[in-house]
Amino acid sequence: MNIGFIGFGEAAFNIAQGLYGEGVRGIKAHDAMQDHEVMGKLVHKRAEESHVTLVEDSKDLVDWADVVFAAVPSTFTLGVCDEIKGHLKKNQLYVDVSASTPATKVAIWDRIKESGVLFADAAMLGSLPKKKHQVPITASGNGAKAFQETMAPYHMDITLAGEKAGSASAIKLVRSIFMKGIASLMIEMLEGAHFYGVSKEVIASLGKSLDGTPFESHLNRLVTGTGIHAKRRGHELEGSIDLLKDAGVEPYMAEAAKKSHEMLVPYNFAEKFVDAAPTTWEQIVDPLLEGKKNK
């Protein structure tokens, strides 16, 4: 099986290195920066370390490969598609692992579907340096199942998310809102706690509230509670904001949380659920989406 990478940055390098460890030989790649005076040195170093042969033309690579990985920055993924689409062929696997938006993945599929190619929108959801080719991947598109089956002998960890291009990328990018957001929230919280000398106590208190409870239970409790008590909790955040400012900490996340609470107030969830409290997050989120749709 011929495997080719368009773009040979961190993602392609780690996947190729892992596949070589599984016994795959003859992997090829093309990177737009491979002849660059400065960055080309890194591309060639990575290629040497992963036993990958660099080729001069992406179109020649596509003509040769059975599986093509598009592993370029999201701003270049449409350009790569346009460059090589005339060389894609029926039943060839075209796997886009870029962090592009769902709309971009749909646009790619629209441009290549007449070729008969099998397209996989592949979202990587873990640490590449740690997991390499076994990084968890969620894949969607008409070629997602073929991608999973083709790479199974090499122990790639691929989960299917349907045949619609863009679904996998939606999972990745929406998940990032939480993962990046909670990390930023943790930093801001710890800055304030450490300044006031109460970090151990705050961490222990949060642990009691969160540890050992299924994640969806947290979603249901925190989202419904926020909907019902948005006005009061928004006011409470004003104190948190003042506390952080007194400590010299910019309250980016606290201010964003305050705005988010204020956004919920006009929905009057407390009045709507006066007879029976909401129990699931959908009871809060569905009206929000409906309200935005009707604007």
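The values are calculated or read from the model by the stated rules, or taken from the named source; none is laboratory data. This one's a predicted model, so the numbers in the text were calculated from it and none came from an experiment. Don't worry about glycine lacking a Cβ; one is built from the backbone with ideal geometry, like all the others, and counts go over all protein chains shown.
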(request) State whether one or more residues within the range 197-205 are more than 22 Å from THR104 (Cα to Cα) and either in contact (Cβ under 8 Å) with a residue 40 or more places away in the chain or not in a helix (DSSP H, G or I) (or both). (result) yes
(request) Answer yes if at least one residue in the range 140-151 is crowded, with 19+ Cβ neighbours inside 10 Å, small (Gly, Ala, Ser), in contact with a helix residue (DSSP H, G or I) (Cβ under 6 Å, 6 or more places away or on another chain) and without any contact (Cβ under 8 Å) to a residue 40 or more places away in the chain, and no otherwise. (result) yes
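Just to be sure before I move on: is ALA144 out of contact with any Lys or Arg (no Cβ under 8 Å at 6 or more places or on another chain), farther than 24 Å from LYS59 by Cβ, modelled with pLDDT of 95 or more and in the same structural domain as ALA16 (by TED's automatic domain parsing) in the structure I sent? First the steps, then the outcome.
Numbers: out of contact with any Lys or Arg (no Cβ under 8 Å at 6 or more places or on another chain): yes; farther than 24 Å from LYS59 by Cβ: yes; modelled with pLDDT of 95 or more: yes; in the same structural domain as ALA16 (by TED's automatic domain parsing): yes.
When the stated conditions are applied, ALA144 passes them.
Considering only residues of the range 88-117 that are β-branched (Val, Ile, Thr) and in a helix (DSSP H, G or I), which is surrounded by the most Cβ atoms within 10 Å (Cβ to Cβ)? Give the steps one after another, and end with the answer.
Here is the first cut: in the range 88-117, the residues β-branched (Val, Ile, Thr) are 95, 97, 101, 104, 106, 108, 112, 117.
Still in the running and in a helix (DSSP H, G or I): 104, 106, 108, 112.
Values: THR104: 21, VAL106: 18, ILE108: 26, ILE112: 20.
Once the filter is applied, the top-ranked residue is ILE108.
Just the residues that are assigned to a loop (DSSP other than H, G, I, E, B) and either crowded, with 18+ Cβ neighbours inside 10 Å or among the basic types (Lys, Arg) (or both), please, taken from the range 10-23.
First, pick out the residues of the range 10-23 that are assigned to a loop (DSSP other than H, G, I, E, B): 22-23.
Scanning the range 10-23 gives no hits.
Out of the residues in the range 43-54 that are in contact with a strand residue (DSSP E or B) (Cβ under 8 Å, 6 or more places away or on another chain) and free of Cβ contacts under 8 Å to residues at least 40 places away in the same chain, which is nearest to ILE84 (Cα to Cα)?
Keep residues of the range 43-54 that are in contact with a strand residue (DSSP E or B) (Cβ under 8 Å, 6 or more places away or on another chain), which gives 43-44, 47, 52-54.
Those still in the list that are free of Cβ contacts under 8 Å to residues at least 40 places away in the same chain too: 43-44, 47, 53.
Details: VAL43: 21, HIS44: 22, ALA47: 22, THR53: 19 Å.
So, considering only residues that are in contact with a strand residue (DSSP E or B) (Cβ under 8 Å, 6 or more places away or on another chain) and free of Cβ contacts under 8 Å to residues at least 40 places away in the same chain, the one nearest to ILE84 (Cα to Cα) is THR53.
From the list LYS41, LYS85, which residue is over 16 Å from ALA11 (Cβ atoms), modelled with pLDDT of 95 or more and surrounded by fewer than 16 Cβ atoms within 10 Å (Cβ to Cβ)? Write out each step before concluding.
On the way: LYS85 fails: surrounded by fewer than 16 Cβ atoms within 10 Å (Cβ to Cβ).
Exactly one of LYS41, LYS85 is over 16 Å from ALA11 (Cβ atoms), modelled with pLDDT of 95 or more and surrounded by fewer than 16 Cβ atoms within 10 Å (Cβ to Cβ), namely LYS41.
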(message) ALA99 - would you say it is at pLDDT below 95 and touching a Leu at 6+ places or on another chain (Cβ under 8 Å)?
(response) yes
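From the residues in the range 122-168 that are part of a strand (DSSP E or B) and of a type in the set (S, T, N, Q), which one is farthest from ILE15 (Cα to Cα)?
Filtering the range 122-168 down to residues part of a strand (DSSP E or B) leaves 122-124, 137-140, 158-160.
So of that shortlist, the ones also of a type in the set (S, T, N, Q) come out as 138, 140, 159.
Values: THR138: 15, SER140: 19, THR159: 16 Å.
It comes out as SER140.
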(request) Could you grab me the full set of residues in the range 64-82 that are surrounded by 15 or more Cβ atoms within 10 Å (Cβ to Cβ), under 25 Å from the mean Cα position of the chain (by Cα) and in contact (Cβ under 8 Å) with a residue 40 or more places away in the chain? (result) VAL67, VAL68, PHE69, ALA70, ALA71, VAL72, PHE76, VAL80
(message) For the list (1) under 18 Å from THR77 (Cα atoms); (2) part of a helix (DSSP H, G or I), I need the number of the one condition that HIS194 fails.
(response) (1)
(message) From the list SER217, SER127, SER209, exactly one residue is outside the structural domain of VAL285 (by TED's automatic domain parsing), surrounded by fewer than 20 Cβ atoms within 10 Å (Cβ to Cβ) and among the hydroxyl-bearing types (Ser, Thr, Tyr). Which is it?
(response) SER127
(request) Within the range 10-42, track down each residue that is touching a residue at least 60 places away in the same chain (Cβ under 8 Å) and of a type in the set (Val, Ile, Thr). (result) ILE15, VAL24
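Being of a type in the set (A, V, I, L, M, F, W, C) and either in contact with a Pro (Cβ under 8 Å, 6 or more places away or on another chain) or in a loop (DSSP other than H, G, I, E, B) (or both) is the requirement here; does PHE69 meet it? Steps first, please.
Numbers: of a type in the set (A, V, I, L, M, F, W, C): yes; either in contact with a Pro (Cβ under 8 Å, 6 or more places away or on another chain) or in a loop (DSSP other than H, G, I, E, B) (or both): no.
When the stated conditions are applied, PHE69 does not pass them.
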